[in-house]
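Engineer: Right, I'll just put the structure down here and ask away after.
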Amino acid sequence: MHRHDNRKHRHDHRKLGRELNLFDTDPLMGAGLPYWLPDGAAVRHALEEYVRRAELRAGYQHVYSPVLGKRELYETSGHWSHYSEDMFPPMALGGAAGQESQEGQESQEGEEVVLRPSLCPHHALIYRSRSHSYRELPLRMAELGGMYRSERSGVLGGLSRVRAIQLNDAHIFCTPDQAAEEAGAALRLIREAYRALGIRPTRYRLSLPGAGGKYVADPEMWQRAAALLTEVLEEAGVPYESVEGEAAFYGPKIDVQIADGAGRETTLSTVQIDFHQPERFGLHYIGPDGAKHRAVMVHRSVIGSVERAVAHLIEVYGGAFPAWLAPTQLVVLPITEDELPQAAAFVARGAERGLRVRLVGPEHGTLGARVRAARLVPYQAVIGPKEAVDDRVALRLRDGRRLEPLPATEVLDRVGALIAAYRTELWEGDGDA
């Protein structure tokens, strides 16, 4: 069977995304701020739901946190001193000192808030808000949340480099002895997601600090974290290379690299071990000895930014997404108007099962024209006079195969099972599509 090889794809997601009505931009919204059209939103939603379910199976708990934070929050985390050039300017809050707000809280003159450049400081505060025993650890906290980066106009493009980012992020709070195991489990979760998505990484990179004041000055911390991540990579058995100057300011990381159709390489997924922010925020747990002990944060992103992930998937598949990701999963094509009632009933049954199903009637052209227009849809259910009488459909697969007419319920069962299992093949028994 045909296998997608994203090392050889040549699609440009910016051009294709607009042609397929997945996303677009408007100068009035601004550069690096794309909006999602209904079909693109369907792809994004399916991807987000996959990740949420995978995280739940892996023992994560989901939270929501605001996209704003006080400037002091990022001074505490270290972002302000090490990362402020990539942050949007602070916004001053109005109100005179001592003036009561509508909520009865005192407003402070000169208070500043910023759009967050990452989610980790918020998650650190959520962890810190409650006392934790060692018995509760590891505590895996996940969020699909917004963050903002003040990218230069010259580097912005399509979905792959944007200013408003929806990040699939998570932070695992654990004991030092659990850090390597949790980082290894995070890397396995990333590789599992890549198999479901049909993504092949170009390489794994151990990103280490370089020269200069960009990084937190704590040599012992860097050595300790780098040694643990090296252990994770060796245990995973994946080839990797160490690269200086690519670490986060607070610690080394494993970067999973992908390449676009032009061969440009970017980071999609990351795993990081962080001893710095637990120290800055005073994150601790109560050990078996009844004393406080410093927690460790493992940062982990399975698909990185949703925007970059979808951009890559558009280029990998050229719009012919696996059925579970496809904007329309099943299109129903009655041959004549006489079959419209049966077709509408079949659409309703599919929608009740949660399928993204659409009816395209004969008013849209000949059957051949409608089949060609739906060439990227995984399944095309044709209903003619014979099928209408017997409650059957003649199923056409996107790869050109035509199946013998099958009972409508069986088609919905089999298609629904493949989609629910996040399979990439079009029909049971195909192997990888």
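Engineer: Within segment 221-237, is even one residue touching a residue at least 40 places away in the same chain (Cβ under 8 Å) and assigned to a loop (DSSP other than H, G, I, E, B)?
Structural biologist: no
Engineer: Quickly run through segment 340-366 and pick out the residues that are closer than 25 Å to Leu418 by Cβ and assigned to a helix (DSSP H, G or I).
Structural biologist: Those that are closer than 25 Å to Leu418 by Cβ and assigned to a helix (DSSP H, G or I): Gln342, Ala343, Ala344, Ala345, Phe346, Val347, Ala348, Arg349, Gly350, Ala351, Glu352.
Engineer: Which residues, counting only those in segment 390-433, are in a helix (DSSP H, G or I) and open to solvent by 40 Å² or more (accessible area, probe 1.4 Å)?
Structural biologist: Within segment 390-433, Asp390, Thr409, Glu410, Asp413, Arg414, Ala417, Ala420 qualify.
Engineer: Continuing with the same structure: Have a look at Ala262, Ala326 and point out the one that is in contact with a Pro (Cβ under 8 Å, 6 or more places away or on another chain), of a type outside the set (Val, Ile, Thr) and part of a loop (DSSP other than H, G, I, E, B).
Structural biologist: Of the residues listed, the single one that is in contact with a Pro (Cβ under 8 Å, 6 or more places away or on another chain), of a type outside the set (Val, Ile, Thr) and part of a loop (DSSP other than H, G, I, E, B) is Ala326.
Engineer: Residues in segment 358-369: is at least one open to solvent by 60 Å² or more (accessible area, probe 1.4 Å), within 20 Å of Asp39 (Cα to Cα) and either touching an Asp or Glu at 6+ places or on another chain (Cβ under 9 Å) or not aliphatic (A, V, I, L, M) (or both)?
Structural biologist: For segment 358-369, residues open to solvent by 60 Å² or more (accessible area, probe 1.4 Å), within 20 Å of Asp39 (Cα to Cα) and either touching an Asp or Glu at 6+ places or on another chain (Cβ under 9 Å) or not aliphatic (A, V, I, L, M) (or both): present.
Engineer: I'm trying to understand the selection: among the residues of segment 319-337, which are under 14 Å from Ala381 (Cα atoms) and of a type outside the set (A, V, I, L, M, F, W, C)?
Structural biologist: Of everything in segment 319-337, those that are under 14 Å from Ala381 (Cα atoms) and of a type outside the set (A, V, I, L, M, F, W, C) turn out to be Thr328, Gln329, Pro334, Thr336.
Engineer: Could you check segment 372-387 and list, in sequence order, the residues that are among the hydrophobic types (A, V, I, L, M, F, W, C) and buried (at least 18 other Cβ atoms within 10 Å of the Cβ)?
Structural biologist: Within segment 372-387, Ala374, Val377, Ala381, Val382, Ile383 qualify.
Engineer: With the checklist (1) assigned to a loop (DSSP other than H, G, I, E, B); (2) surrounded by fewer than 24 Cβ atoms within 10 Å (Cβ to Cβ) in hand, flag the one item Thr267 doesn't pass.
Structural biologist: Failed condition: (1).
The values are calculated or read from the model by the stated rules, or taken from the named source; none is laboratory data. Computed from a predicted structure; not experimentally measured. Neighbour counts are summed over all protein chains in view; Cβ atoms, including those assigned to glycine, are modelled from backbone coordinates with ideal geometry. For the accessible areas, the whole protein counts, side chains as well, though only heavy atoms, and no ligand, DNA or RNA atoms are used. Shrake-Rupley method; radii C 1.70, N 1.55, O 1.52, S 1.80 Å.
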